[in-house]
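Inspection log for the structure reproduced underneath, given as structure tokens.
What follows draws every value from the coordinates through simple rules; no lab data is involved. Nothing here was measured: the structure is a model prediction, and the numbers come from that model. Glycine also receives a Cβ, built like all others from the backbone with ideal geometry; neighbour counts cover every protein chain displayed.
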Amino acid sequence: MTSLKCLRFLRDQSESPDVVSYLASYLFKMQPGPLQLARNIAAALLRTTRRAITGQPVLVTDEVAAARRQVCQKGCQFYRPSDSRCAHPNCGCFLAGKLLSKWKLITEQCPLKKWPV
Ligand code: SF4
């Protein structure tokens with residue numbers, strides 16, 4: 001059973017969302033492997049570069065970036081504060097890196113669609 005299936009099973013069986021939340025944060029210290037992470041980052045850079053080449057904006061406003069940051073930091077079990085990364089298995093991105101901050105890139109989205117914009 002994959003981690004996600006396991007979590008869904010536990011969520012369906014459990015009456016305590018805290019237990020599921022705890023297990024999720026434990027399990028998802030296993031972010032995507034290095035190859036998948038490299039693919040995700042490369043895809044994000046490609047999307048951003050395409051926009052930049054065609055003269056479209058690549059960054060969101062500071063307000064949007066702050067709203068995204070708040071969603072991650074204030075209630076997501078996949079947020080990893082030690083290095084400000086999203087540990088969701090479909091992401092693994094650096095959310096607040098100096099060179100690459102997912103919160104700031106207009107092309108990027110939360111893998112769970114939790115962000116307002
Ligand atoms: S990007 Fe989405 S899944 Fe990842 S930490 Fe933020 S809210 Fe959670």
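Find how many whole Å separate the alpha carbon centroid of region 66-117 from the alpha carbon centroid of region 29-62.
12
Arrange the following residues from fewest to most other Cβ atoms within 10 Å of their Cβ: Thr48, Thr54, Thr61. Walk me through the numbers on the way to the answer.
Values: Thr48 19, Thr54 7, Thr61 12.
Ranking Thr48, Thr54, Thr61 by Cβ neighbours within 10 Å, fewest first, gives Thr54, Thr61, Thr48.
Taking Rh as the Kirkwood radius, which is the inverse of the mean 1/r over Cα pairs, what is the Rg/Rh value for region 69-117?
Rg divided by Rh gives 0.90.
Can you give the net charge of the other residues whose Cβ lies under 15 Å from the Cβ of Leu46, counting K and R as +1 and D and E as -1?
On the way: positive: Arg39, Arg47, Arg50, Arg51, Lys102; negative: Glu108.
It works out to a net charge of +4.
For region 61-74, take each phi angle, set θ = phi - 60°, evaluate the Karplus expression 6.51 cos²θ - 1.76 cosθ + 1.60, and give the result in whole Hz per residue in order, putting x for glycine and proline.
These are the phi-based 3J(HN,Hα) values: 5, 4, 5, 5, 4, 5, 5, 4, 4, 5, 4, 5, 6, 9 Hz.
Whose amide H sits under 5 Å from the amide H of Glu108, counting only residues 5 or more places off or on another chain, with H placed in the peptide plane?
none
What number, in percent, do you get for the relative contact order of region 46-117 if the mean sequence gap of Cα pairs under 8 Å and at least 6 apart is divided by its residue count?
Reported relative contact order: 33 percent.
Please work out the FRET efficiency for the pair Lys98 and Leu35, using the Cβ-Cβ distance as r and a Förster radius of 22 Å; give the result to the nearest 0.05.
Working from the Cβ atoms, E equals 0.35.
In nm, what is the difference between 0.36 nm times the number of residues separating Val71 and Thr54 and their Cα-Cα distance?
Value of the extension gain: 3.1 nm.
Going by amide H atoms built from the backbone, whose H comes under 5 Å of the H on Gly97, apart from near neighbours?
Excluding prolines and chain starts, which carry no amide H, the hits are Lys102.
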